[in-house]
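First the structure, in the form of structure tokens, and then the observations on it.
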Amino acid sequence: MKLLFEKWQEYQEGPKPFYVSIEKLIPMEELGHGKPHECPSKECENVINDKIAKIMAGKFDPIMVCHQKPIPRSGQNVEKDEIGQKNPIEEPFYYVLDGHHRLEAAKRIGLRKVPVIRHEGE
């Protein structure tokens, strides 16, 4: 009965975050992250600075990650040769689904590990 209650509690609360090395997180470049780019009126810089302030205040929402690289949706600009290429980072590694600005903020303040939640795909 206890196991059933624990599973129900986990279902209600959602998945538990765990910590991984920051070097094991790979930004999703197809979403425009992890590449140098020009933001209108330094929008990204402002967001990253806000995330740094929150992290320094002790508020770090976990980054959503997955193990497999999501298949690009139609309309996303991805070269055909990029699909299916093996990542050079030693496994296990995680692709960032949500939290790219938090990841950049964590890198800038020198964190070695960050909290993540692994998304269980369909």
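Here the Karplus relation 6.51 cos²θ - 1.76 cosθ + 1.60, evaluated at θ = phi - 60°, turns the backbone of region 58-68 into coupling constants of x, 10, 10, 5, x, 8, 7, 10, 9, 7, 9 Hz, with x for every Gly and Pro.
Full extension of the chain between residue 47 and residue 111 yields a length gain of 21.3 nm, computed as 0.36 nm times the residue separation minus the alpha carbon distance. The distance between label points at residue 21 and residue 93 comes to 1.2 nm (points 7 Å beyond Cα on the Cα→Cβ vector). Give 54/113; 16/59; 24/51; 24/113; 24/59 a once-over and call out the pairs whose C-alpha atoms are over 18 Å from each other. 24/51; 24/59, as the Cα separations exceed 18 Å there.
Laboratory data are not the source of any read-out in this text; all were calculated from the coordinates shown. Model, not experiment: these values are computed from the prediction. Note that each Cβ is placed from the backbone with ideal geometry, even for glycine, and that neighbours are counted across all protein chains shown.
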